[in-house]
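One structure is given below, encoded as structure tokens.
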Amino acid sequence: LRIGVVIVVMAVGYFLQYSVQNQLIGHEAQVAVAIVVGLAMLAGGTQIVGHRYRLFGQGMMGAGIAVLYLAIFAAFHYYKLIPLTPAFGVMALVTMVAGVVAVRYRSVLVAVLGILGGYATPVMLSTGEVNFPGLFGYMTLLGVGVLGISYYRNWRLLNWLAFLGTYSMVFGALTRYEVVH
């Protein structure tokens, strides 16, 4: 299942890359297709998860979350379709949706992907400038969300991931700040 999820996410990424190289469809359409596929996978996974194929449904929900992150990253970084602030807001929204879906459907996999995507958001949307108040404020909100999910569902793995993600972000920002100054 994990391999299948990775393959689906990579297929969407390769679709975007292939369509750019061969100019098959416009940038806006590429991002729109990726967002629709991500939302469809998320919705389809929520329909399947309560039935016989629980694990498959969790995988689809996780893949949908990953595809949504990929689509917003491509819209911001490669195509310059949306500015930084809306891209950041949409990625934060995807992280919140992942948390809500994880708690609602009792999916540790979706929670882990949401946390990884949440901590990867500042890295994926990096402009090269270090914005300590924005970064630390975002990490505080993310940490509070992880704490709430971890407490509510008693998923201790999330605490460790948040610990590693927070320290990686702090040390990465401090290192980048020292290099610049």
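The values are calculated or read from the model by the stated rules, or taken from the named source; none is laboratory data. All values derive from a computational prediction rather than experimental measurement. Cβ: placed from backbone, ideal geometry, glycine included. Neighbour counts: every protein chain shown. With ligands, DNA and RNA removed, areas are computed over all heavy atoms of the protein, side chains included. Shrake-Rupley method; radii C 1.70, N 1.55, O 1.52, S 1.80 Å.
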Would you point out the residue of region 149-167, among those that are in contact (Cβ under 8 Å) with a residue 24 or more places away in the chain and more than 17 Å from the chain's Cα centre (by Cα), that is least open to solvent (accessible area, probe 1.4 Å)? Trp155
Take region 119-135 and flag every residue that is loosely packed, with under 15 Cβ neighbours inside 10 Å and more than 21 Å from Ala66 (Cβ to Cβ). Thr127, Gly128, Glu129, Asn131, Phe132, Pro133, Gly134
Residue pairs, Cβ under 6 Å, 6 or more apart or interchain, first in region 1-17 and closer than 19 Å to Gly45 by Cβ, second open to solvent by 90 Å² or more (accessible area, probe 1.4 Å) and not charged (D, E, K, R). List them. Leu1/Leu55
Within region 18-30, which residues are touching a residue at least 12 places away in the same chain (Cβ under 8 Å) and either over 10 Å from Ala71 (Cα atoms) or within 15 Å of the chain's Cα centre (by Cα) (or both)? Val20, His27, Glu28
Does Ala66 satisfy the condition of being under 12 Å from the mean Cα position of the chain (by Cα), farther than 21 Å from Trp155 by Cα, touching a residue at least 40 places away in the same chain (Cβ under 8 Å) and crowded, with 22+ Cβ neighbours inside 10 Å? no
Expected single match for in contact with a Gly (Cβ under 8 Å, 6 or more places away or on another chain) and either over 25 Å from Tyr151 (Cα atoms) or charged (D, E, K, R) (or both) among Val9, Val5, Val36, Val31 is Val5
Within region 26-63, restricting to residues that are open to solvent by less than 60 Å² (accessible area, probe 1.4 Å) and part of a loop (DSSP other than H, G, I, E, B), the one that is farthest from Ala11 (Cα to Cα) is Val49
